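**Q** The structure's right below; bear with me while I get my questions together.
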Amino acid sequence: MALPYLLSLFLVSSLTLFNLADCQLTEDYYSKTCPDFQKIIQEIITVKQMSNPTTAAGTLRVFFHDCMVGGCDASLLISSNSFNKAERDADINESLPGDAFEVIVRAKTALELKCPGIVSCSDILAEATRDLITMVGGPFYKVGLGRKDSLTSKAVEVEGHIARSNMSITEIIDIFAKKGFNIREMVALTGAHTIGFSHCSEFSYRLFNFSKDSKTDPSMNPLYAAGLKTLCANYLMDKAIAAFNDAITPGKFDNMYYLNLQKGIGLLATDQAMASDPRTKPFVDLYAKNQTAFFEDFSRAMEKTGVYGVKTGNQGEVRRRCDSTNKS
Ligand code: HEM
């Protein structure tokens, strides 16, 4: 292995350290003002996840998309009105499932009854995401609390902050790097694709229209490709058709996503590319071999995501409703 490559691997392989207190967040923020905060969220998400098992994945994606655009401030939960097109209606957010928004609204309603005007929507989203991940088998990690909710939400501010499935690994590394995440953290976070779905439109070109020489992406396992072709045959007519991100254990948060990538069973081109690009492959191989390493790195990277760009003090507000600011 060339020395510069080894050196770059070393440089990107460590996880950045940070302190919750530096971000003015604390785990016991509501211990006096809303002592039942954790319990109420647990009750709401348990009922919701049991009746709609896709809630965990949807909520995790909503959390991630919220944090990446202007910080974890629940700006994604705001609804558009006649004066403003909100983040939620940016094209990349259109596929976010209603169940994820609904579980946060339910938790907010329950919390407003118990402790009115105290708990922010951004804290509810952060806590519910962690609890849902844990509920489907993923790791438990610390969630600092005390975020304020944003005062604005603009669809035009979304572009360029969230990776798309047709981007190159270099473009994706760049998006994450601009937010302070290194390659190791990026690969660990994308392990979120161990749960949930993707619509056929996100990967259909890999099945039907890949290149002049090959209609199907040769990096895709042929049996897997054949199954997906059947599943997605009518995707142009029925835009709702979707496949599991992790075809083997779709509802369980585990390291199967990485094991699948090693076998060509990656759904999105970007997922599959991570298993071959020399900058990302070492981490795919590490997490495929060692679920504990994946859980530790994922936890750390989620803690870091959760403090990204948070608003405290008078930088924001505690919304009365999660879908609108207190002024509107
Ligand atoms: C590396 C760059 C990434 C790309 C290109 C990407 C792209 C996508 C796409 C296209 C979908 C399918 C959306 C649909 O059709 O409904 C998806 C689903 C999902 N993504 Fe990502 N993603 C990336 C990273 C992440 C990260 C870092 C997280 C969380 C930490 C995440 C969490 C999820 C989850 C949980 C789903 C399933 C959602 C559901 O079932 O409703 N993704 N992603």
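**Q** Per-residue counts of other Cβ atoms within 10 Å, averaged by peptide: what ranking do you get for 265-273, 113-121, 302-310, 209-217, highest first?
**A** Numbers: 265-273: 22.8, 113-121: 17.9, 302-310: 21.0, 209-217: 11.8.
The packing order, highest mean first, is 265-273, 302-310, 113-121, 209-217.
**Q** Sort 321, 106, 147 so the one with the fewest other Cβ atoms within 10 Å of its own Cβ comes first. Intermediate results must be reported in sequence, preceding the final value.
**A** Values: 321 16, 106 19, 147 31.
Starting with the residue having the fewest Cβ neighbours, the order is 321, 106, 147.
**Q** What order do you get for 274-282, 221-229 when each peptide is scored by the mean count of other beta carbon atoms within 10 Å, highest first?
**A** On the way: 274-282: 18.6, 221-229: 15.6.
Order by mean packing, descending: 274-282, 221-229.
**Q** Given R₀ = 41 Å, what would the calculated FRET efficiency be for residue 201 paired with residue 327, taking r from the Cβ atoms and rounding to 0.05? Intermediate results must be reported in sequence, preceding the final value.
**A** Details: r = 37 Å, r/R0 = 0.90.
Efficiency for this residue pair is about 0.65.
**Q** Taking the Cα centre of the chain as origin, work out the dipole magnitude from +1 charges on Lys and Arg Cβ and -1 charges on Asp and Glu Cβ, in debye rounded to 20.
**A** Numbers: 35 positive and 37 negative charges, 18 e Å.
Using Cβ point charges on Lys, Arg, Asp and Glu, the chain gives about 80 debye.
**Q** Size of the dipole of the range 169-302 about the Cα centre, Lys and Arg at +1 and Asp and Glu at -1 on the beta carbon, nothing else charged, in debye to 20?
**A** The dipole of the range 169-302 has a size of about 120 debye.
**Q** Counting only C-alpha contacts under 8 Å and six or more residues apart, can you give the relative contact order of the chain as a whole percent? Write down the numbers at each step before the final one.
**A** On the way: 513 pairs, mean separation 84.2, N = 328.
Relative contact order of the chain: 26 percent.
**Q** How big is the range 226-328 on each of its three principal axes, counting only the C-alpha atoms and giving the largest first in Å?
**A** 52, 41, 24
**Q** List the relative contact order of the range 169-302 as a percent without decimals, with contacts defined as Cα pairs under 8 Å and 6+ residues apart.
**A** Working: 176 pairs, mean separation 41.6, N = 134.
Value for the range 169-302: 31 percent.
**Q** Share of Cα-Cα pairs in the chain beyond 30 Å, in percent? All intermediate terms of the calculation are to be shown ahead of the outcome.
**A** Numbers: 18347 of 53628 pairs.
Here the long-distance tail beyond 30 Å is 34 percent of all Cα pairs in the chain.
**Q** Put +1 on the Cβ of every Lys and Arg and -1 on every Asp and Glu Cβ in the range 171-326; which of 267, 294, 176 then has its Cα farthest towards the positive end of the dipole?
**A** Working it through, the farthest residue towards the positive pole turns out to be 176.
**Q** Let me ask you something else. Could you give the alpha-carbon Rg of the range 169-302 over 2.2 N^0.38 Å, rounded to two decimals?
**A** Working: Rg = 14.9 Å, N = 134, 2.2 N^0.38 = 14.1 Å.
Here the Cα radius of gyration is 1.05 times the empirical estimate.
**Q** Excluding residues on the same chain fewer than 8 positions from residue 212, give the lysines whose Cα lies under 25 Å from its Cα.
**A** 229, 263
**Q** Taking the Cβ of each residue in 133, 175, 124, 248 as the centre, tally the other Cβ atoms inside 10 Å and list the residues starting with the fewest. Walk me through the numbers before you get to the answer.
**A** On the way: 133 25, 175 17, 124 29, 248 14.
The most exposed by this proxy come first: 248, 175, 133, 124.
**Q** Straight-line reach from residue 311: which lysines have Cα under 26 Å away, leaving out those fewer than 8 places along the same chain?
**A** Once the sequence-local lysines are set aside, what remains near residue 311 is 32, 39, 85, 108, 114, 142, 148, 154, 178, 179, 327.
**Q** At a 10 Å Cβ-Cβ cut-off, how would you order 297, 91, fewest neighbours first?
**A** On the way: 297 22, 91 10.
Fewest-to-most ranking of 297, 91: 91, 297.
Every number here is computed from the coordinates shown, using simple stated rules; none is lab data. Keep in mind it's a predicted model, so treat the numbers as computed, not measured. Positions of Cβ are generated from backbone atoms using ideal geometry, with glycine treated the same way; all protein chains shown enter the neighbour counts.
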